[in-house]
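Below is one structure, written out as structure tokens; comments come after it.
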Amino acid sequence: MRNLPRRTLLSLLGAAGLTGVTGTAWATPPSPSAPPPEGSGVTAADVPAVFAPPPGGWRAVAEDVRRETQWSWRSYVDRAFGHDQIKPVSGGYEEFFVDGHPMGLTVVEALDTLWLMELDEEFAQGLKWVHDNLNFDVNASFQVFETNIRMLGGLLSAYHVSGDPKLLSLARDLGDRLLVAFTKSPTGIPYRYVNLRTGAVSSPETNLAETGTYITEFGVLSRWTGDPKYYNAAKKAFRVTFDKRSSLDLLPWDVHAETGEWRNRTATVGPPADSYYEYLWDGYRLFGDTDLKRWYDVLIAGINRRQAETVNGRLWFAQVDAFTGRRTSRSQSELASFWAGLAAEGGDVARGRAYHDSWTAVQDRYGVLPEGISYPSLNATSVGNQLRPEYADAAFVLWLKTGDELYRNRAYTHYQQMKSSSKTRYGYTIIADVTTTPKRKGDFCPGYWWSEQLKYYWLIFGDAKRFDYRDNYLSTEGNIFRGARR
Ligand code: IFL
């Protein structure tokens, strides 16, 4: 869980002699060469060679993260303000949702991160942009899933941290426009695209992630507006797909929104299924809905029975035929590394730890995780890295859940590797090839970088006074819906 009681956390750190200066919650980083904590499930040989933390300890690392954020934000404002994403090598920009029509994606993604970091001038600058410019009356098709996790989630988290009513009214307007993708569907499984102005829907051929990654955004929208229609629509899409599970309690990832029929037989924990499972658990956590918990438990048991396997001493999740259980692939997407955090949140800390260990072996080999690997060999099958947050996300969750400094060290390695390979003239960029020396850069900074890594780093290295470490919730996009301390 992302909500280990602060007291418990401090007592764990204290027991390990890690609480540092009296009167502060800053932990002194353990020596990189110190043996891993007992019970961590790893051997000393598995611990990555971390960069030595600077003399100021974790506080200095957190301040460094804040400086990098501020510097990147200034570049974005100078070169691309209001455009969806900066191209940090060339200093240009590109739009994410609709060619030629900026939606301020980076602004919306960054707002809660800026606020948590107490970058109040930057937060005010972003908020002003939203007030002056953001408008969803756009005659174009938007991908429902991405618009939900990024834009709706970004507005809701910014509302949560600021209480600014304009943000909730924009969120409600957007939620109503997205809801049409659910209400027009004969099954309740949402269409992939909706025209935000006309409500025209398209692309009924969809997948699990784009079916079941709504309940937390739609749920808090329901809670904060008092209108249950958003929550109910998101839950119905879950129910329809859960009820069609195979006799092995597995779900194929490819589904048709109009017929509800599966379009393939492959079960995977990676994309495009991943956050379907995440949101079953998260929906239960946020709203206490025991149907969601039951569905999560049934499906996770099926996955652990049929997909989990140990290869070369490491835990991985195969792709299998959902109806026979036959293994069809041993490839693994980097995006699946978030599963380590989900498993731990869902109560299976041992599998969470083991799966993070597996990905740490990949990080050790390449420095930066490739987009895809074949897990028997750890060879890269897709050599880029789209500036991905999942490994750091899982490290943060595992750290909150266990208090184990191993995960802070791993996040620190991730941060240092990102600084050394992705930093460029106008910010941070994707990597085109992690296997070259030096790593070949692309020219693009995804919106989620502002909402995810920067926030995870800040929260894990710092003792963020605006964050409630006891009781909080961050969405799949890193948006905070619970736990802001105003
Ligand atoms: O949008 C991001 C989010 O974490 C997600 N999927 C992929 C992105 C990051 O890799 O759910």
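Values quoted throughout were computed directly from the atomic coordinates according to the rules given, and no laboratory measurement underlies them. Owing to the predicted nature of the structure, the values given are computational and were not obtained by experimental measurement. When we count neighbours, we look across all protein chains shown, and the Cβ atoms used for this are built from the backbone with ideal geometry, even at glycine.
Show me, bin by bin at 10 Å from 0, the whole-percent P(r) of region 307-432 based on Cα pairs.
Calculated over all Cα pairs of region 307-432, the distribution is 13, 43, 33, 10, 1, 0 percent.
Can you list residues whose amide H is under 5 Å from ARG470's amide H, if they're 5+ apart or on another chain and H is modeled 1.01 Å from N?
ARG6
Determine, from the Cβ-Cβ distance of ASP348 and SER382 and an R0 of 22 Å, the FRET efficiency 1/(1 + (r/R0)^6), rounded to the nearest 0.05.
0.20
I'd like to compare 331-337, 474-480, 126-132: which one has the highest average count of other Cβ atoms within 10 Å, and what's the full order after that? Walk me through the numbers on the way to the answer.
Working: 331-337: 22.6, 474-480: 26.4, 126-132: 16.6.
In decreasing order of mean packing, 331-337, 474-480, 126-132 become 474-480, 331-337, 126-132.
Where a Cα-Cα gap under 18 Å defines reach, which lysines qualify for LYS166, not counting those fewer than 8 residues away within the same chain?
Straight-line reach from LYS166, under 18 Å: LYS128.
Would you list which lysines come within 25 Å of LYS235, measuring only between C-alpha atoms, while excluding same-chain residues fewer than 8 positions from it?
Partners within reach: LYS184, LYS244, LYS293.
For a quick check: with amide H placed at 1.01 Å from N, whose amide H comes under 5 Å from LYS87's, ignoring anything fewer than 5 positions away on the same chain?
Sorted by chain and number, the residues that satisfy this are GLY92, TYR93, GLU94.
Tell me, what are the semi-axes, in whole angstrom and largest first, of the equivalent ellipsoid of region 254-379 as set by the roots of 5 times the Cα gyration tensor eigenvalues?
Numbers: eigenvalues 117, 70, 34 Å².
They are 24, 19, 13 Å, listed from largest to smallest.
Given Cβ point charges of +1 (Lys, Arg) and -1 (Asp, Glu) and nothing else, what value in debye, to the nearest 20, does the dipole of region 292-412 about its Cα centre take?
On the way: 15 positive and 13 negative charges, 68 e Å.
Taking the Cα centre of region 292-412 as origin, the dipole is about 320 debye.
Given region 419-464, what count of lysine pairs have C-alpha atoms under 15 Å apart, with each pair 8 or more places apart or on different chains? Provide the component values of the computation, followed by the final result.
Working: LYS419/LYS439; LYS419/LYS441; LYS423/LYS439; LYS423/LYS441.
Within region 419-464, the lysine pair count is 4.
Whole-Hz ³J(HN,Hα) for each residue in region 132-139, computed from phi via Karplus 6.51 cos²θ - 1.76 cosθ + 1.60 with θ = phi - 60°, x for glycine and proline: what do you get?
7, 10, 6, 8, 9, 7, 10, 7
What number, in nm² with one decimal, is the all-direction average of the projected area of the convex hull of the alpha-carbon atoms of the chain? If you can, show how the numbers build up before the last one.
Working: hull surface 83.1 nm².
With every direction weighted equally, the projected area is 20.8 nm².
Quick one: grab the alpha carbon gyration tensor of region 391-486, order the square roots of its eigenvalues as a ≥ b ≥ c, and give me rounded if a/c is under 1.5, else prolate or oblate depending on whether a/b is larger than b/c. Please report the intermediate quantities before stating the final value.
Values: a/c = 2.57, a/b = 1.72, b/c = 1.50.
Since a/c reaches 1.5 and a/b is larger than b/c, the shape of region 391-486 is classed as prolate.
Any idea what diffusion coefficient region 164-239 gets from Stokes-Einstein, in µm²/s, Kirkwood Rh on alpha carbon pairs, 10 °C, 1.306 mPa s? Before the final figure, lay out each step's value.
Numbers: Rh = 12.5 Å.
It comes out at roughly 127 µm²/s.
Quick one: if you take sqrt(5λ) for each eigenvalue of the C-alpha gyration tensor of region 161-201, what semi-axes come out, biggest first, whole angstrom?
Numbers: eigenvalues 122, 22, 9 Å².
That gives 25, 11, 7 Å for the three semi-axes.
Output the peptides 184-194, 109-119 sorted from most to least packed, where packing is the average of other Cβ atoms within 10 Å over each peptide's residues.
Working: 184-194: 21.0, 109-119: 25.6.
Packing proxy ranking, top to bottom: 109-119, 184-194.
So what is the calculated 222 nm ellipticity per residue for the chain, using -39500 (n - 2.57) for each DSSP H run with n of 4 or more, over all residues, to the nearest 500 deg cm²/dmol?
For the chain, the value works out to -14000 deg cm²/dmol.
Which one of VAL349, THR211, TRP71 has its Cα pushed farthest toward the positive end of the charge dipole of the chain, where Lys and Arg give +1 and Asp and Glu give -1 at the Cβ?
Most positive-ward Cα: VAL349.
What are the ³J(HN,Hα) couplings of region 95-103, residue after residue, when phi is run through the Karplus curve with 6.51, -1.76, 1.60 and θ = phi - 60°? Round to Hz, x for glycine and proline.
8, 9, 8, 9, 4, x, 10, x, 10
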